[in-house]
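**Q** Quick one: the structure is below, questions incoming.
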Amino acid sequence: MRWIHAAGRGLLALVVVLTGYVASGARADEGGGGGRGPLTLATAGDLTGYLGSVLDGWNRTHPGEKVTLVELPDSADETRAQMITDLRGGERGRFDVLNIDVSWTSEFAAAGWIRPLPRERFPLDSFLPRVVDTATYDGRLYAVPYVTNAGLLLYRKDVLAEAGVAPPRTWAELERAAETLAPEHGLDGYAGQFLPYEGLTVNAAEAVYSAGGTILGDEGERVTVNSRAAAEGIGFLARGVREGWIPRQALTYKEEESKQAFQNGRLLFLRNWPYAYVAASAPGSKVAGKVGAVPLPGPDGPGTSVLGGSNLAVGSHARHPDSAARLIAYLTSERVQRQVLTRGALPPVRAALYDDPGLVRRFPYLPTLRESVLAAAPRPKSPHYDQVSLVVQAVVHDAMSGRQTPGAAVRRLAGELAAVSSR
């Protein structure tokens, strides 16, 4: 009898343990459990070096959940490739938390590489409204916004002021100043990021959106690009190269090359992210004190930027999902988000920081950036986003290089994107 009672107690204990293990696993599927312990955070190269000090603060106060930072290449394409290789490795993978480009959320979620997260664990209501949409797929939260971004039009305010010209609000005003005013001062007119890479996808999407068009709908299942508005947007970019107010050299520009051209005093107008404003305004820049920023122009008024930035996601095979969720909550807290801006010169996702008088004095572009973010649109959502982006880059670069008319370009886009969506 004693043996039977002991066995019964042992069986009961085993049932309790197994029940707890199963429940823990169920919570882990939603990013809410699975225990605590050390983590590895993967991110693209930290160009400003701020992230290490931010994580030092976490590691000091969470000795049992220390984070190891893994910096991947600066190139978005290389970072994505290395993250996917690690995530496909399953339990052999190293990365627990991933700082992913906002355009990758749908792809990673559809592939099962990142796990859904419980909304109640994160202060989503404190974020700028638009940014949360970049972290969802199929109606569920798969990541948490960490840094946001929107394209701005940087301009030489000294040149415009001397000519008595207001910063452009429309494409026509931009073209007129770029075509006439820029040459008078020995400057090129306008540039963006026009090399065939992700930056060109962004620039092309902004032109299409600003003209009232779209590229994809229904999470990538419907192709919507074959429209007059899309042709008008691509035509704006192609016309600039053809007429010369976009220099042909700009067809080789990525973010850094275009920033350097503006910072070295060679451009009147530049479409870039806010970090370029900070760099161009810093001591040592040839245009320091001469830089202004406004929302991107459109055909009849302010245009539409594409939302940039990054989201924090938890790998589907993360070793300690509860610690991962706690780290994400820490990195999106208002205190850390302030450091993201002041140390990293990156736009935070916390809405209240854009109204902070001290921050606005230090970063005068914040009100303009907030306006741009609130009016921005995400890149086309698709589980095949990498293929979508490659198609857009190739076709739009051909149109800007004069190898294809804008009308032919949108028809080609429609056909090739339909083939991608049907895979």
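**Q** Out of all the residues in region 359-402, which are farther than 18 Å from GLY233 by Cβ and of a type in the set (D, E, K, R)?
**A** Those that are farther than 18 Å from GLY233 by Cβ and of a type in the set (D, E, K, R): ARG361, ARG362, ARG370, GLU371, LYS381, ASP386.
**Q** Moving on. Would you please name the residue that is farthest from the chain's Cα centre (by Cα), looking only at residues in region 98-111 that are among the β-branched types (Val, Ile, Thr) and in a helix (DSSP H, G or I)?
**A** THR105
**Q** To continue, here is another question. Mind checking which residues of region 103-127 are open to solvent by 30 Å² or more (accessible area, probe 1.4 Å) and within 21 Å of VAL388 (Cα to Cα)?
**A** ALA110, ALA111, GLY112, TRP113
**Q** Which one of these does ASP218 not meet: (1) on the phi > 0 side of the Ramachandran plot; (2) open to solvent by 70 Å² or more (accessible area, probe 1.4 Å); (3) touching a residue at least 24 places away in the same chain (Cβ under 8 Å)?
**A** (3)
**Q** For region 1-97, give me every one of the helices (runs of 4 or more DSSP H) that falls completely inside it and has 3 or more residues that are surrounded by 14 or more Cβ atoms within 10 Å (Cβ to Cβ) and at pLDDT 80 or above.
**A** In region 1-97, the matching helices (runs of 4 or more DSSP H) lie at 51-61, 76-88.
Listed here are the residues, each with its yes/no results for (1) assigned by the TED database to the domain that holds ASN203; (2) small (Gly, Ala, Ser); (3) touching a strand residue (DSSP E or B) at 6+ places or on another chain (Cβ under 9 Å).
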site: GLN249; (1), (2), (3): yes, no, yes
site: GLU255; (1), (2), (3): yes, no, yes
site: VAL278; (1), (2), (3): yes, no, no
site: LEU331; (1), (2), (3): no, no, yes
site: ARG338; (1), (2), (3): no, no, yes
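**Q** Can you name the number of the only condition in (1) open to solvent by less than 10 Å² (accessible area, probe 1.4 Å); (2) more than 26 Å from LEU200 (Cβ to Cβ); (3) not acidic (Asp, Glu) that SER382 fails?
**A** (2)
**Q** Which condition number does VAL349 fail, the rest of (1) closer than 23 Å to GLY212 by Cβ; (2) in contact with a Gly (Cβ under 8 Å, 6 or more places away or on another chain); (3) of a type in the set (Val, Ile, Thr) being met?
**A** That leaves (1) as the condition not met.
**Q** What helices (runs of 4 or more DSSP H) lie completely within region 343-423 and have 3 or more residues being within 21 Å of the chain's Cα centre (by Cα), in contact (Cβ under 8 Å) with a residue 24 or more places away in the chain and closer than 23 Å to ALA191 by Cα?
**A** Here the list reads 366-374, 385-400.
**Q** Restricting attention to region 277-300, which residues are surrounded by 24 or more Cβ atoms within 10 Å (Cβ to Cβ) and assigned to a helix (DSSP H, G or I)?
**A** TYR277, ALA280
**Q** Within the group PRO299, PRO274, PRO283, which residue is within 18 Å of LEU128 (Cα to Cα) and not assigned by the TED database to the domain that holds THR136?
**A** Residue meeting the stated conditions: PRO274.
**Q** Another question about this same structure. State whether one or more residues within region 319-332 are surrounded by 16 or more Cβ atoms within 10 Å (Cβ to Cβ), of a type in the set (A, V, I, L, M), touching a Ser or Thr at 6+ places or on another chain (Cβ under 8 Å) and in contact (Cβ under 8 Å) with a residue 12 or more places away in the chain.
**A** No: region 319-332 contains no residue that is surrounded by 16 or more Cβ atoms within 10 Å (Cβ to Cβ), of a type in the set (A, V, I, L, M), touching a Ser or Thr at 6+ places or on another chain (Cβ under 8 Å) and in contact (Cβ under 8 Å) with a residue 12 or more places away in the chain.
**Q** How many of the residues in region 113-139 are farther than 19 Å from PRO347 by Cα and of a type in the set (Phe, Trp, Tyr)?
**A** Residues in region 113-139 being farther than 19 Å from PRO347 by Cα and of a type in the set (Phe, Trp, Tyr): 2 in total.
The values are calculated or read from the model by the stated rules, or taken from the named source; none is laboratory data. Please read these numbers as outputs of a predicted model, since none were measured by experiment. Cβ atoms come from the backbone with ideal geometry, glycine included; neighbour counts cover every protein chain shown. Side chains included, ligands, DNA and RNA excluded: accessible areas come from the protein's heavy atoms. Shrake-Rupley method; radii C 1.70, N 1.55, O 1.52, S 1.80 Å.
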